[in-house]
Protein chains: 2
Amino acid sequence: MARINGVSGDRTSERLISSMKQLLWERGYSATSPAAVQRLAKAGQGSMYHHFHSKARLALAAEQRMGEELKREVAERFTAASTTYEKIEAYLAPDEHVIRGCRLGRLIQDEEVAFNDELREPIAETYAWIQAQIVRVLTEGVTCGELSPDIDVDSLAVSILAIRQGAHVLARLRGSQEPFRQAGRGIAQLLALASPRNDSTQAAPASLAD
Amino acid sequence: MARINGVSGDRTSERLISSMKQLLWERGYSATSPAAVQRLAKAGQGSMYHHFHSKARLALAAEQRMGEELKREVAERFTAASTTYEKIEAYLAPDEHVIRGCRLGRLIQDEEVAFNDELREPIAETYAWIQAQIVRVLTEGVTCGELSPDIDVDSLAVSILAIRQGAHVLARLRGSQEPFRQAGRGIAQLLALASPRNDSTQAAPASLAD
DNA sequence: GTCTATATGATGATAGAC
DNA sequence: GTCTATCATCATATAGAC
């Protein structure tokens, strides 16, 4: 398969999508110009506007690809781990890309994306899917007796989703994967206390246990 | 005090800083044009470049203000609450602004900010300060017997910092404060288990307890 | 499918009058 | 301190030849 600038694909439209994906991750939507995408894809102006009606349509195609890729990566992390604890640890583990920030989460900060239903939708759909997967993993953990049945898995799933999202921001700010490792350790030590073995017979403090 | 467009301050330089603050929060750095700041501040082009050498210098002044404000708000949340649990709950509680995203965290996604030491510094300094405050609160919680001495407060602090950061992204994505409330509940229920009263005599699972 | 030419407006300033 | 004029460059296309 042909490879230009690290962007693979023989067809021009594929190279345009790959290039847009890369630039959306690096710069976001507003800051990515059609000219920059064309340069990276080695495609002309006319070529881009032949395959895609507008910058927005090309970005939409790129977002859909990024969503699919992100879901596949998350699914792989969950299936590769065996216990509930390990699955959550795997979900929160950093990779070499986290310093760049989250490829999808960063886009929602962009006003042009946030206020455009078409451009916001693939992001919302992907996060909803990931959140549902975390809920599924935690629910299985309760079923298998790895987590206490008292745990509210829905709110815990949002916490875990938020931690990974927030860790991306901190990692980019510090230029280091360390915030990921710390945030992962921080939640993991609490999760260990949520094992049925650690259950207290006493009620939790009223102000927090709901 | 004079008030123009909700931007207070009699002096032109103050109105410019307030306007830049507002636009940085709404649009980020790259997407905020000097012309937009001038319009909002009711100041002319020459006026802006008289008070500030460049867009970057004005943005730097605005960032420093935002950092001070954010630190003051966090400090108020911590001092207004009494127990450790309540302080953490207060830190994670949403306000009417969270749907817009985090005023400082959003800026680090901007390449012009991330790769400019001057523009990145006030953000890094503010986050470091907030993280240190969370560590202090948690450490006091251990000292007062509200948290188990086994808790690693440093990593837990990063988790809590990341949760608030990530919840901002989810809140903006959904257009709702709900992710904040869910993420807060999710971590609060685990924190309740970290009370010494809930300590198990058994060791936690080796894979997570470190 | 790809190319070049052209269009319209915004960007981020600088210069110098008042 | 504030104003207007000017400038080179970029953004996001459209039109029509090849």
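Values in this text are rule-based calculations from the coordinates and carry no lab data. Since this is a predicted model, take the numbers as computed values, not measurements. Glycine gets a Cβ as well: all are built from the backbone with ideal geometry, and neighbour counts include every protein chain shown.
Annotations
- Think of each Lys and Arg Cβ as +1 and each Asp and Glu Cβ as -1; about the Cα centre, that makes the dipole of chain B roughly 1060 debye.
- Solution diffusion estimate, µm²/s, Stokes-Einstein, chain A, Kirkwood Rh from C-alpha pairs, 10 °C, viscosity 1.306 mPa s: 84 µm²/s
- Secondary-structure-derived ellipticity at 222 nm for the protein assembly as shown, considering helices only, amounts to -21500 deg cm²/dmol, per-run term -39500 (n - 2.57) for DSSP H runs with n ≥ 4.
- Taken over the alpha carbons of segment B:9-115 as equal point scatterers, the Debye sum produces base-10 log I(q)/I(0) values at 0.12, 0.16, 0.19 Å⁻¹ of -0.48, -0.75, -0.94.
- Listed by chain and number, the lysines whose alpha-carbon sits under 19 Å from that of A:K71, ignoring those within fewer than 8 places in the same chain, are A:K21, A:K87.
- Selection from B:Y91, B:Q64, B:G44, by position along the positive dipole direction of chain B (Cβ): B:G44
- Label geometry 7 Å along the beta-carbon vector: B:W129 inter-copy distances in nm: 4.1
- Sorting A:I163, B:I17, A:I99 from the fewest to the most surrounding beta carbons within 10 angstrom yields A:I99, B:I17, A:I163.
- Sorted from nearest, the other copies put their A:C144 label points 3.8 nm away, the label point being 7 Å from Cα in the direction of Cβ.
- Label-to-label distance for B:E73 and A:A128 is 2.9 nm, based on points extended 7 Å past Cα in the beta-carbon direction.
- At least 18 Å along the helix axis (C-alpha) and Kyte average at least 0.5, DSSP helices within chain A: A:153-174
- Anisotropy class of the protein assembly as shown from Cα gyration tensor, a/c 1.5 cut: oblate
- Listed by chain and number, the aspartates and glutamates whose C-alpha is less than 16 Å from the C-alpha of B:K42, apart from same-chain residues fewer than 8 away, are B:D10, B:E14.
- Sorted shortest first, the distances from the A:A75 label point to those of the same residue in the other copies are 5.0 nm; each point sits 7 Å from Cα along Cα-to-Cβ.
- Cα gyration tensor, segment B:62-131 - rounded (a/c under 1.5), prolate or oblate: prolate
- Taking chain B and dividing mean pair separation by its residue count, relative contact order in percent (alpha carbons under 8 Å, at least six apart): 20 percent
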